[in-house]
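Student: After the structure tokens below, expect a handful of questions from me.
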Amino acid sequence: MAVNFGAFFEIPVVDMERAVGFYQALLDIEFERGSIHGYDMAFFPYEENGVGISGALVQGDVYKPSIDGVFLYLLIEDIDTVLRKAVELGSEILLEKTEAEFCFVAEIKDSEGNRICLTTRHQAG
């Protein structure tokens, strides 16, 4: 059986407007709003032939923000800038920028109480 791991992610939110505002300011992106199965959703930008997977912020009775459970990593270009923005937006840093073998990682608590991991590749140089 062929399995394509990482097809889509959903980040639980309590307050959709607050979460959209947080992520738009943090990542300098725009969301497309919608609904699936009656759940309010805000979709992250996605390029059909781009690299990686897409996902959404989701609000509904089965979605419970948490810092426990699965760790979602967002690949970003500048981890220092995003960490600085996160603090300005009132986010708690759960793990300061740390060097790993092929990348840097950090973790924040988003506006809704989720653990969100950030990663960036080492810069050539």
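None of the figures in this text is laboratory data; all of them are computed from the coordinates on show. Note that the coordinates shown come from a computational prediction; the quantities given were computed from them, not determined experimentally. Note that we place each Cβ from the backbone using ideal geometry, even for glycine, and neighbour counts take in every protein chain shown.
Student: In whole angstrom, note down how far apart the Cα centers of region 46-116 and region 13-35 are.
Tutor: 13 Å
Student: Which cross-chain or sequence-distant (5 or more) residues have an amide H under 5 Å from the amide H of N114, H modelled 1.01 Å from N in plane?
Tutor: S66
Student: Something else now. Mind listing the phi-derived Karplus ³J(HN,Hα) values for region 82-94, rounded to whole Hz, using 6.51, -1.76 and 1.60 with θ = phi - 60°, and x for any glycine or proline?
Tutor: 5, 5, 4, 4, 4, 5, 4, 8, x, 6, 9, 7, 8
Student: Once every DSSP H run of n ≥ 4 in the chain is given -39500 (n - 2.57) and the sum is divided by its residues, what mean residue ellipticity at 222 nm do you get, rounded to the nearest 500 deg cm²/dmol?
Tutor: Mean residue ellipticity at 222 nm (helix-derived): -5500 deg cm²/dmol.
Student: So, one more: Testing the spin-label approximation: label points 7 Å from Cα along Cα→Cβ at E17 and L75. State their distance in nm.
Tutor: Distance between the two pseudo-spin positions: 3.5 nm.
Student: Quote the relative contact order of region 8-121 in percent (integer), defining contacts as alpha-carbon pairs under 8 Å separated by 6+ residues.
Tutor: So the answer I get is 27 percent.
Student: Between C103 and A7, what is 0.36 nm times their sequence separation minus the Cα-Cα distance? Round to one decimal in nm.
Tutor: 32.3 nm
Student: Would you mind ranking Y63, Y46 by Cβ crowding within 10 Å, fewest neighbours first?
Tutor: Starting with the residue having the fewest Cβ neighbours, the order is Y46, Y63.
Student: Grab the Cα-Cα distance for R84 and E96, subtract it from 0.36 nm times how many residues apart they are, and report the gain in nm with one decimal.
Tutor: Between R84 and E96, full extension yields 3.2 nm more.
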